[in-house]
Each structure stands twice: as structure tokens, then as C-alpha cells.
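Since the structure comes first, as C-alpha cells, the remarks are kept for the end.
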There are 2 protein chains.
Amino acid sequence: MSYQVEALNSAHLELQGGGGGAELRRPFDPTAHDLEPSFRLTRFADLKGRGCKVPQEVLGKLVSALQQDYSNASDQDAQFLNMAIPRIGIGLDCSVIPLRHGGLCLVQTTDFFYPIVDDPYMMGKIACANVLSDLYAMGVTDCDNMLMLLAVSTKMTEKERDVVVPLIMRGFKDSALEAGTTVTGGQSVVNPWCTIGGVASTICQPNEYIVPDNAVVGDVLVLTKPLGTQVAVNAHQWLDQPERWNRIKLVVSEEDVRKAYHRAMSSMARLNRTAARLMHKYNAHGSTDITGFGLLGHAQTLASHQKKDVSFVIHNLPVIAKMAAVAKACGNMFQLLQGHSAETSGGLLICLPREQAAAYCKDIEKQEGYQAWIIGIVEKGNKTARIIDKPRVIEVPAKD
Amino acid sequence: MSYQVEALNSAHLELQGGGGGAELRRPFDPTAHDLEPSFRLTRFADLKGRGCKVPQEVLGKLVSALQQDYSNASDQDAQFLNMAIPRIGIGLDCSVIPLRHGGLCLVQTTDFFYPIVDDPYMMGKIACANVLSDLYAMGVTDCDNMLMLLAVSTKMTEKERDVVVPLIMRGFKDSALEAGTTVTGGQSVVNPWCTIGGVASTICQPNEYIVPDNAVVGDVLVLTKPLGTQVAVNAHQWLDQPERWNRIKLVVSEEDVRKAYHRAMSSMARLNRTAARLMHKYNAHGSTDITGFGLLGHAQTLASHQKKDVSFVIHNLPVIAKMAAVAKACGNMFQLLQGHSAETSGGLLICLPREQAAAYCKDIEKQEGYQAWIIGIVEKGNKTARIIDKPRVIEVPAKD
């Protein structure tokens, strides 16, 4: 099976000197793997990344029948079910299930989506980081097991499949190893659209996770990754499509777009694990991760689950450099500044006591070399979230 | 949301007097849900059920890079990894992961596939039974948590989606309740092909599962459900397609096909839970469930995992009545009698001590009212499986 070894060697070349930072990683070159120069992984699905979710309100309608049943449950597990059930895609990030065995809980999540970048290895890493992120959002830092879900596109040639699938699997696995866990199984099917995702499970004591419902007036909101991944991957795709490119070339250079794309790729592949660990150190009151429903969608869901009568107000939007301008040039397409642009493997949005937030941000930067931002406040209110009229956009440059 | 209540009421009507037996269930009537009479769930994917798997040998190639890595692992978990890893679709039925917490293991599996029947509620039940079956194959009888994976077809109208999705969800959930577990989360996306599946997890003591590697010479092989589900669902679809129907109408009547389809639907929706429970009582030496790779594919995988030098020889093929004749009339298409026809949510194939097998079959029939069959023997050999030249076909009638 020398073709595989070759594929993996190329992957290693692309990684040389990378150390995980995508900026230092060579761009994926299809010809180095004996594929057509025009090969693009993202063309094997008509939707991209977390843009594939069933819309929040539709899903709400569809699962209401299920929810009803569970909210009638009166057994001692009701408080867990109550928390876990709304999330067939719409609620909190994980299911938490009390076990038969002394005080332990199963914390579990699943996610899958379509290719968002053209580099299969990075796609695997991103998919893994994205699944794990749901655990991290609950403050869980150790994952006990992962399964991988993969659909190979019916439109791929055998050659393409034989190059792409091992690279995706390796990326997924490397990310799992980085997270201190392993991939022990999964399921592979063929499907018109290439699909990749996984399942992450942890068995832990209740003190290992943070129920995200303790925000109080006076807390502040911290975000650990910049927004704009969906804008960046689209802008990058438009480099090949003159009629789309013409719409944005007045506000952004090709170089800007390439930098933003690599920043986005690196950001999506980064684990939220340190962010999760520090939530315990700095007494976080709750958190969620930003994915398909955008910053505001997830902020609203988090707000709606609070015990106290609080609301979230967001003042600052950290955005990958130039992507706010691109989003504006595209009219209503992304709704980035309205908080609706889908993110893939986005940052954690965390409620922290005001006096701890700055230290949290400083600590995460010290440990990982990445900034986090205080983006808003928790005030008295009716469990909703909003972005102020003219939020301040923080341009987040690509790392050198 | 009255449209949902209506949809569910229709589902209840279709179930009346059913008690889980599909024979007594009214056929799904699209018009009762305000859908076009021509609505067929199975048309929302080009592949059916477990026929969607990446071929066994292709998958073997693709995952070899991953397996390599793990077989080098030298830590104390190696024996578990060794067992669990080969099954990114090709190996045993579950991952078994030793946990940090005193002697406990996580047993976990995932599966998803495309619509195989046109009744959305039954489709949900079948998908759930199919996922759970992997746990049951390991002798695990209690599932601690389920997640549901659902892809809504991009080709469905809103109306179709709003009818179909709640019915699928309810079927899935009802099956989970029947299994004594609950669905606490999942993921929903849109996709060209409708897809449904799930994740099943159990945290248990090592004595709660049966490592399927203890077959010895003299054991016999028991099968707990008839073969032929894929043939039956295809034949049923051909009732609408005269040119296909003409190929088989000499060997089978329309009534035969309808009966076989309902028998198949009921069989696929039936849980293998009693079968799993009785494995403990009768000292089973190992088991697997029959799904996408057909009887022989799964028998071979099970044989290859044995510790002793044994081989499996299969003499009898219990097949849903008339479906062997249909398969023969279709030439090489299904390869049913060769053991290659895909099954969905098939029975358990169990290695049992010869002196216990008859009692096992009698017990399962007493408890569930369904037959099980001794279909072969374990003899000395090189860890392979085969079907004899002219196997005896056992015609399994639809239940009344």
C-alpha cells in the first residue's frame, strides 16, 4: 500500500516546522498527492462546515414533540434530562447522564459537518477539535473515548478517496492524541456529500464539569477565538471565482485573504482544552462554544438556560483581520456583525466574575500564545442576549 | 404546532393493535399525513439501509494507517485497543475502553444509514434497534445513553420534512424506551440523502460484556433472525416498477412480497436484547450482529477474532419466506445464498456450546415468540468461515 505511505509522507512534508500552527504549514498541494491541480475537498458538498445545520427555529419545532415527553418525566433524573434534552442540536453542548455507578456521570456529544477547508489533514483536525469543543464548553478537560464518523463522497474517484480518507483520518487522530484521547471506532459510509464528524465521551465526577447556568449580574463575557471563519473560507474559495472575487477585491487583497484563511484554519484546529481548564481556575459561571448558529445564536441559547434573571450584552466583536470588511461588502450574506455568521470549531463564550476575567485572558495568552477578549457584560434581564447597535470590531491579525 | 400532533396521531392509528408487531400495523399512508400518495421515504437516498457501507476490503486499506499506529501501542490498554481498533467499520461491534474509574469500562458504538422502509416511524425504530444491536452483540443488555444522528434530505419539501422528521424521531425514541434507555441528544444536518443513525453507550463492569473470541471446536452457531431483509425491501419497491417486477413475478406473488416486507420491517425493528441476555445464561462463547456485510462477511470477521484455531461452517440459511426464490431470480444481484446480501438490524450470530444451543433457541422462542436456528458448527481450522455448497434454506413465514 505504498500509495498510502506516499500520501502520509506528503502530509508530513506539509507539516514540517508546523508544530500545529497552520501559518507555518505549507498549503495543501493536490499535485503532490498525484491529484488534479483543481482538486478541492470543499467541492464535495454544497454546504460548508457548520453552515449545514438545520435552522435553529425549524429544529425547535421538530424536536418539541420529544421535549414534551421528557419534561413530563418526574423521576430523579429530571434535572439532568431537563438540561440535556433540549440539545438535539439546539440546546447545550453535551448530554450529561447520571450513571448506575457511584456518583459518576457520562458526558457525551456528537457533531458532524461538511468540508470547510481543502486540506484533508487539517479538515480531520478541525472536525476532531470541533467535536471535543462541546466537552470543553462544559469545563470537561479529559475525553475518555472518541468515535469517528465519515462519509466518503460518491463523486470522488477511487484515487481521490485513497488519498483523502487516510489524511482526514490521520488529522482526526492526531488531534485526538493532542487532546490526550484516542479514536477507537466509528462508522464509514458513502454519501453524495463528504461528511466528517465524531463522538466524544467522558465518564467523570460531577465536579469535573460546569453546569452552564450560573451567570450573575456583574459577570463579563469572554470569547477565546476570533469570529469570521466562515467568511474567511468563503473569501478564499472566491479567489478561484472572478465574479465573486470582484465583489470584494476593493476591500481586501489576495494576500489578506490567504492570511485570513490560514488564520481561520489554525484557529479551527486549535483545541479549546486550555480554555476549559482555566474555567475551573477562574470560577467560570458557564460557557458554550460558538459554532453553526453564530455568536448571537449561541449566546442566546446560553442566556436562556440561566437560573438568574440575567441578559447578555455584547459590545466587542473580535474578527479575523479584514473579514469584517469582506462581510460588509457582501451585504446581508454573512450577517457577521449581527452575530449570525456560522463558525466552525469556534471559541468558548464564557461567563466569568468580572474580577477574574482579565486574569483568565492573561493566563490563556501566556499558556497558548493566543489572545482572548472580554466582549460583553451580564446585566439584569429576561434571559436573552443582544449585540449593541455599533459594536466595536477588533481586528485580529494572522499570527506570524 | 397542530401539524405535529396530527402526524403523531396518525402514527398512533397506524400502531393500533400493533404491540410492536408490524404485521398488525397498518401500512404507512402518506395521504393520511397530507403528503402526496407517491411519497416514498426510501427515494431520498440512492442506497438503501446497510448497503451504504464502504466495502469491507476498501475500508481495510483505508484504515490500515490508523491500525498500524495502534498496534505499536505498548501500554496496558493494548489488549483493549487491539480488540477495538479494527472496527472503524470492519471489526467487532463495539469499542471497549477501560476507564480511570475503578474497574469500569465504556462500551460504545455508532451506526447510521439510509432509509430502508417507507414508514418513517418504523424507520426510526429500525435505526435505533440497529445501533443497539452492536451492544447486544457484545452481551451488553443495558444501554446508558443514546444520541440520535439525523440528516434531513435537501430534496424534501418543508411539508414532507415536518411530517417525516417527528415520526422518525418518535420511532427512534420509542425503541430506546423499549430498550430501557433514553435519547438525550444528537445532531441534525441537511444532506442530499436522508440519513439516520445513532450512538449507544454503556458504562459497565467487565463481567457485563462477552469478549467474542472464545469459540471452541464443537460449538454450534445460532442465528436469531431470518436473512433476506434487503431482498424483501427491494422486492417491495419493485411493486411500483413494472420492468423490475416482471423479473420476479414468476416466483412470487404481490401478496408474498407484502408479507415479506412486513416480516422484514418487524424483524429489523425487533431488539436483540433478549438474545443478548440469554447469551449469559447459556454461556455463549462470542457473538456478532449481521448487518451490512451479510451473514458470511460478519461470520468471517468473528472467526478471524477467535483465540483458538477454529473455523465456522454454515449449513442452514433461515430466510424470510419466498425471498430465496426472489434472490435466485435476480441472478447475482443479492448473493443471498452466498451469504453476501446486506442485512439491516439483523440477528445475532452466536457461538454456543452444543449442549446449550437447543435450550437457548427454546428459551428465546418462549420469551419472544420468535424462532432462532442452529445454522452451523465450529470445527478445527484457520479462523475463517464458509457456507457449504448446497445449504439448506429454511423458509421463515410471516407471523400471523
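What do you reckon, is B:V216 under 20 Å from B:I374 (Cα atoms), of a type in the set (V, I, T), surrounded by fewer than 24 Cβ atoms within 10 Å (Cβ to Cβ) and at pLDDT 90 or above? Can you show your working first?
On the way: under 20 Å from B:I374 (Cα atoms): yes; of a type in the set (V, I, T): yes; surrounded by fewer than 24 Cβ atoms within 10 Å (Cβ to Cβ): yes; at pLDDT 90 or above: yes.
Considered against the rule, which asks whether it is under 20 Å from B:I374 (Cα atoms), of a type in the set (V, I, T), surrounded by fewer than 24 Cβ atoms within 10 Å (Cβ to Cβ) and at pLDDT 90 or above, B:V216 comes out as yes.
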### Message
Tally up the residues in the range B:199-210 that are in contact with a helix residue (DSSP H, G or I) (Cβ under 7 Å, 6 or more places away or on another chain) and more than 12 Å from chain A (Cβ to nearest Cβ), please.
### Response
1
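Please specify each residue of the range A:327-366 satisfying the condition of being free of Cβ contacts under 8 Å to residues at least 12 places away in the same chain and in a helix (DSSP H, G or I).
A:E355, A:K362, A:E365, A:K366 - these are the residues of the range A:327-366 that are free of Cβ contacts under 8 Å to residues at least 12 places away in the same chain and in a helix (DSSP H, G or I).
State the number of residues belonging to the range B:220-244 that are of a type outside the set (S, T, Y) and closer than 16 Å to B:H280 by Cβ.
At the first step, the residues of the range B:220-244 found to be of a type outside the set (S, T, Y) are B:220-223, B:225-228, B:230-244.
Now restrict to residues that are closer than 16 Å to B:H280 by Cβ: B:222.
Here the count works out to 1.
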### Residue that is surrounded by the fewest Cβ atoms within 10 Å (Cβ to Cβ) [pool: residues in the range B:152-171 that are under 20 Å from B:L132 (Cβ atoms) and facing chain A (nearest Cβ under 9 Å)]
B:R170
### Task
For B:G124, state whether it is on the phi > 0 side of the Ramachandran plot and in contact (Cβ under 8 Å) with a residue 12 or more places away in the chain.
no
### Query
Restricted to the range A:179-198, and to residues that are out of contact with any helix residue (DSSP H, G or I) (no Cβ under 7 Å at 6 or more places or on another chain) and within 30 Å of A:N283 (Cα to Cα), which residue is nearest to the other protein chains (Cβ to nearest Cβ)?
A:T181
### Query
Can you find a residue in the range A:131-146 that is free of Cβ contacts under 8 Å to residues at least 60 places away in the same chain, more than 10 Å from chain B (Cβ to nearest Cβ) and more than 16 Å from the chain's Cα centre (by Cα)?
yes
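Based on this model, can you work out whether B:L221 counts as under 19 Å from the mean Cα position of the chain (by Cα), modelled with pLDDT of 95 or more and buried (at least 21 other Cβ atoms within 10 Å of the Cβ)?
Working: under 19 Å from the mean Cα position of the chain (by Cα): yes; modelled with pLDDT of 95 or more: yes; buried (at least 21 other Cβ atoms within 10 Å of the Cβ): yes.
So B:L221 fits the description; yes.
The values are calculated or read from the model by the stated rules, or taken from the named source; none is laboratory data. Keep in mind it's a predicted model, so treat the numbers as computed, not measured. Counting neighbours? That spans all protein chains shown, and the Cβs are built from the backbone with ideal geometry, glycine included.
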